[in-house]
Structure formats: C-alpha cells, structure tokens
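Comments concern the structure below.
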Amino acid sequence: MAFKKQRMVLQFPAGTVDEPITYTLIKEYDVMINILNADISHGREGSLLVEISGEQESVEVARKYLKSKSVKISPVVKTILFEQAECINCGVCSSVCYPGALEMDRESRELHFFPEKCVACELCIKACPLQLFELNFGAN
Amino acid sequence: MKKSFQEINDKIRSGKAVVLTAEEVAAMGKDHSPSQVAEKVDVVTTATFGPMCSSGMIINTGHSDPPIRMERATLNGVPVFTGIAAVDLYIGATENHPENPAYGGAHIIEDLIAGKDVELEAHAKGTDCYPRKDIKTSINRNNINEMVMFNPRNAYQNYPVAVNTSKRIKYTYMGSLLPRMGNANYSTSGELSPLLNDPEMRTIGMGTRIFLGGTTGYISWYGTQFNTSAELNEHGVPVANAATLAVIGDASKMSPEFIKAAYYEKYGVSMFVGIGIPIPVLDEEMAARVMIRNEQITTRILDYGDPAHPELGRTNYEELMSGEIIFNKKKIKTASLSSIYQARKIADILKRQISEGTFLLSEPVEMFPRGKSLNSLKIRK
C-alpha cells in the first residue's frame, strides 16, 4: 500500500468549528496530521493549513469524511509570497528555514527561494527585517 | 616600500593607482607576501551594509510664517527630537511609531532620502519671538533646508554570533533565534569589513573620507562605546565588538539603495547603513593587515537565551559564511544580518571611483584615542 502525503487548506463551515474533526481524523482514520497554520474562532468559519499523511487508502477515506462534514478541501499551491525584488540579500531568513526553501548562494551571496520546498512554517515572515514575506493562506 | 597618502593620491589623480577590494586582496594574499602586495597595490576598498541602530538624521525644516519653536514634533506620526533650535529636528532611526511598532524613524529617513512627502506635525507653547503654537504640513527632500545623516555608532569592528540555548524562540536585534541552538546569526562582512582591515586604525581616523549611504561622507569622530582594549587573536584582530565609528554625510545626496529601514520582530526598528572605507597600503605592515582572510577573523558565540549573554565558544567567518558551524557536535545553520552582497557592491563602487580618480583619500585630521575601554552602568543611590 502506498504512502501518501498531501498539504491542503481545510475550510470549516461555522457550525463545525466546535466539532473535534482533527481528533476524529487521527483516531478513526489513522492519518498523521501536521498543522502548519490555524485560524479558528468559535462560532465562525475556520481554516487550517495541514499536511495529511498516511496509507493512500486512509487518506482517501479521511478526505471523504471531511467532505461529509462539509469541510472544503483545497490543495495548497502557493503559501508564502516573497517580494524578492526588494530583497537586500542579507539572508537572515535562511537560518530559520529548515526545509531549505530559502538558501544563500555561498559564492554570489544572493538569496534563493525554492517555493516547492516551503512548508509555510512562517518563521521567515518574522525573520525578514524588510518584511518581504507574506502568508498566502488561500488555495487554488 | 613606503607610500604616503600624498603619493597615493597623486597616483589616483593620474589614473595609475592600483585598487583592489578587500576580498580581492585577501585572495591575492594566498600566494603573495605582504611586501609583494605593498609593491603592487595602492588602495584596498572595504565595505559593510548592516543594521546599525545608532543612526539618525538632522533636518532643518525652514521657518513658517509666523514661526514656531517646535517643542513636540512627529513625522508620519513618529516622534522626533526637538530639544535643539526651533526648527532643527533629529530623527532617531530606532524611534517607534506609538501605534505601529514595525514603523519608525528609519522609515522616515528612507522616505525622505527617496524624495517622498512626509507629514510633519509640531506643537509649542508659543513665545513672543515664535508665536505659532501648532503646525501641520508635509515636507520632502526638496522643500527643507538640510538633511544631514549623523550616526553616533556605526561599523562595529567585529560582533559576536548569537545563539539561543533556551527552550523558546527569542526575537532579538540579532534576528529570530530558534530554541536549543537551532540557528546562529552573525553580523559583519568579515574580510570586507572596514575596521577589521585596519584593526589598529593607522589610516582611519577623524576626517577620513568615506562612502556613506550612496554618497561621500566623513568619519566625524570615534563612535560611541569605542573600545580599543578588546582581546586580540593571533592575527591581531579583536575577537569582540571593539572600535566603532561616528559618521556624517549629506543625506539629500544619498540613495535608498544604501539606506534601508529594518524591523526586527519584537525588538523594533533599525536601519541598514551602507559604508565603504578606502584603506591606503602605506607599507608592508598595512599590506599584511588588508590581506586578512575570513578564517583568520575569530568571533565569540554568545547565548542570547541567557540575559547575561555568556560566551559558549568561538568560531571564525570562514565557518560562519559556509552556512553552518559545528558546535558541541551539533550542526547549526548560520545566517548573516548584514548583507555581503550589498557590501561587495559598495566596495566595487568605491574601487571604480578611486580608479577613475573621482574619489581621493584623505589623511585623518586626528587619530583615534588608544587604550579606551568601556564603563558599565552602575546603580547608585
């Protein structure tokens, strides 16, 4: 059985925010949930940026469960926006970027951004002294 | 081989001076002796582009009719210092907007340099000679009298590396420091850094002409917290933050490319300042100094997880610039607060200006004091 890992934004309708949906996913559907960002308030719509991983079948069943609860699932395409043209290449963001999405070129001393490696941990947002990173919480 | 400032300037004027950047001369030093370097090279350009909190700008707004003796003033809502003459203001780079901690004096300075309009609001009690009590208007680079950058402490000679051994992330002026030594941040341009290329300040002193923020500036004094008593390593460079520079220049001719406002999370506003200093290779001894390489510059690793910032160990800039250091058998990702990329740009500009004969070297009017050490603030009754 294949192992599957998916990053997605879960948008919870107002009524479901008080239900322990994440708990049920882990307990009943045996998937691993890594919460990368959360924006939830009681009684209002909420959204969760998660990485769901597990056996392919478990992930599929978990998705069906989410749909049955009217949770909108959107695969994440772009999570961090970087205003690179304004960057002064200090590179201080690179030491907090563990997935290696922000790397300094050792020769040219220029900063490179590899969005495909980004897990949207948001540490760069607070690390950049020019405030050039922004979280794009939406999905396509 | 000895050369005077005068002889080097004559060569610059005739377009015959050999000018290298500090990185180029460091590379040359691998297969050249100091006497060979002194023979071949006349000037070495050094540079730094880092966040330097002790910075600011004096402006004179011109007088309104009737005039006001400004006693409290803000620019775009950021308080500025009015405790000098009627319409002279000092914009402190780190002054915060009371409601927006990420915006402050450095942003105002950058905006004025960029030619943007800035809202001025000032209040006073009103006097017989300055009857106006309130004023609200906008100012920009073209409608004020002077804008002079005066930075009391810039271009630190070396600076420690910051790590955090605590269990929580620390947001500091050394950037975001991850818990359990998750990263290590440093802040100098290493072998390119001005005061590391002339550690005894034989050629750098009061009156030295420099590159400041995109134009010509001057070293006006030694910087605050000036310390010449720091421990030296075997290559004669201080292993701790030691000497500093006070610099001055015409901000109306500066460029926002070389003066940038910065905000460090939960710390506050600071300002990136671009400084370039030419060093004349007067003799073999100066040649040996400017040949210094990153691996020969030692710095201390301090724990910002502890308020006392205890020293945990030492490293050098070769290791730091490789992107990781190994400390206590642990690989730690490193990053610089200062931009080597920008510093190189400045060193190259200065090299070009000197090579073209448009930037002459100035011999210091007075040398910096020796044997200076620091006092700490004692709590006295």
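The values are calculated or read from the model by the stated rules, or taken from the named source; none is laboratory data. Everything quoted here is computed from the prediction, not taken from an experiment. Note: ideal-geometry Cβ built from the backbone for every residue, glycine included; neighbour counts use all protein chains shown. Quick note on the areas: whole protein, heavy atoms, side chains included, nothing else; ligands and nucleic acids left out. Shrake-Rupley method; radii C 1.70, N 1.55, O 1.52, S 1.80 Å.
Overview of results
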| item | result |
| --- | --- |
| In sequence order, calculated HN-Hα J values of the stretch B:248-259 (Karplus, 6.51, -1.76, 1.60; Hz; x Gly/Pro) | 9, x, 7, 5, 5, 9, 7, 10, x, 5, 10, 10 |
| Fully extended contour minus Cα-Cα distance, from B:Glu24 to B:Leu232, at 0.36 nm per residue | 72.5 nm |
| Helical contribution to [θ] at 222 nm, DSSP H n ≥ 4, -39,500 (n - 2.57), averaged over the protein assembly as shown, rounded to 500 | -5000 deg cm²/dmol |
| Estimated FRET transfer efficiency (B:Asp134, A:Gln131; beta-carbon r; R0 25 Å; 0.05) | 0.15 |
| Tensor-based shape of the stretch B:52-111 (alpha-carbon gyration tensor, a/c under 1.5 rounded, otherwise prolate or oblate) | prolate |
| Label-to-label distance, nm, for residues given as A:Ile35 and B:Leu377 (7 Å Cα→Cβ offset) | 4.1 nm |
| 10 Å binning of all Cα-Cα separations within the stretch A:80-137, expressed as whole percents from 0 upward | 26, 62, 12, 0 |
| Rg [Å, one decimal], Dmax [Å, integer] - chain B, C-alpha atoms | 22.1, 73 |
| Residue-normalised accessible area of the protein assembly as shown, given per residue in Å² at a 1.4 Å probe | 45 Å² |
| Averaged over B:335-347, number of beta-carbon atoms from partner chains that fall within 10 Å | 5 |
| Per-residue average of Cβ from other chains inside 10 Å of B:316-329 | 1 |
| Positions from the stretch B:159-190 whose accessible area shrinks by 40 Å² or more when the full protein complex is built, not the chain alone, probe 1.4 Å | B:Ser176, B:Leu178 |
| Hull-based mean projected area of the stretch B:257-381, where the convex hull spans the alpha carbons, in square nanometres | 13.0 nm² |
| Value of Rg/Rh across chain A [Cα atoms, Kirkwood radius] | 1.05 |
| Extended-chain gain in nm, criterion 0.36 nm per residue less alpha-carbon gap, B:Ser255 and B:Lys40 | 74.1 nm |
| Gaussian network model of chain B, springs between alpha carbon atoms under 10 Å - residue of B:Val78, B:Val41, B:Val239 with greatest fluctuation | B:Val41 |
| Mean separation of Cα contacts under 8 Å, 6 or more apart, over the residue count of chain B: relative contact order % | 25 percent |
| Distance in nm between pseudo-label sites at A:Arg106 and B:Val365 (7 Å out along the Cβ direction from Cα) | 4.6 nm |
| Inter-probe distance in nm under a simple model that places probes 7 Å from Cα toward Cβ, at B:Arg72 and B:Arg13 | 5.6 nm |
| Cα pair count fraction exceeding 20 Å, expressed as % - the stretch B:183-248 | 31 percent |
| Residue mean of other protein chain beta carbons inside 10 Å, A:82-94 | 6 |
| Furthest towards positive pole of dipole, B:Ser252, B:Ala22, B:Gly223, structure part the protein assembly as shown, Cβ charges | B:Gly223 |
| Relative contact order computed over the stretch B:31-144 (Cα-Cα under 8 Å; 6+ residues apart), in percent | 26 percent |
| Interface size B-A, as summed buried accessible area [1.4 Å probe, Å², nearest 100] | 2200 Å² |
| With every protein chain in place, the stretch B:194-258: carbon and sulfur % of accessible area (1.4 Å) | 50 percent |
| Degrees between helix A:56-68 axis and first principal axis of chain A (Cα, 0 to 90, nearest 10) | 70 degrees |
| At least 50 Å² of accessible area lost relative to the chain alone, listed for the stretch A:97-140 with a 1.4 Å probe | A:Tyr98, A:Arg106, A:Arg109, A:Lys126, A:Pro129, A:Gln131 |
| Protection proxy ranking of A:80-88, B:287-295 - average other beta-carbon atoms within 10 Å, highest first | B:287-295, A:80-88 |
| Angle in degrees between helix B:340-355 and the longest Cα principal axis of chain B, rounded to the nearest 10 | 80 degrees |
| Rounded, prolate or oblate (a/c below 1.5 giving rounded, otherwise prolate when a/b exceeds b/c) for the stretch B:1-81 by Cα gyration tensor | prolate |
| The stretch A:3-75, relative contact order [Cα under 8 Å, separation at least 6], % | 45 percent |
| Of all accessible heavy-atom area on the stretch B:336-376, the percent that carbon and sulfur account for (1.4 Å) | 46 percent |
| FRET E, pair B:Ile326, B:Tyr171, Förster distance 25 Å, beta-carbon r, rounded to 0.05 | 0.45 |
| Calculated on alpha-carbon atoms, Rg and Dmax of the stretch A:3-75 in Å | 11.3, 35 |
| FRET efficiency, 1/(1 + (r/R0)^6) with R0 22 Å, evaluated for A:Lys69 and A:Lys4 via beta carbons | 0.60 |
| Tensor-based shape of the protein assembly as shown (alpha-carbon gyration tensor, a/c under 1.5 rounded, otherwise prolate or oblate) | oblate |
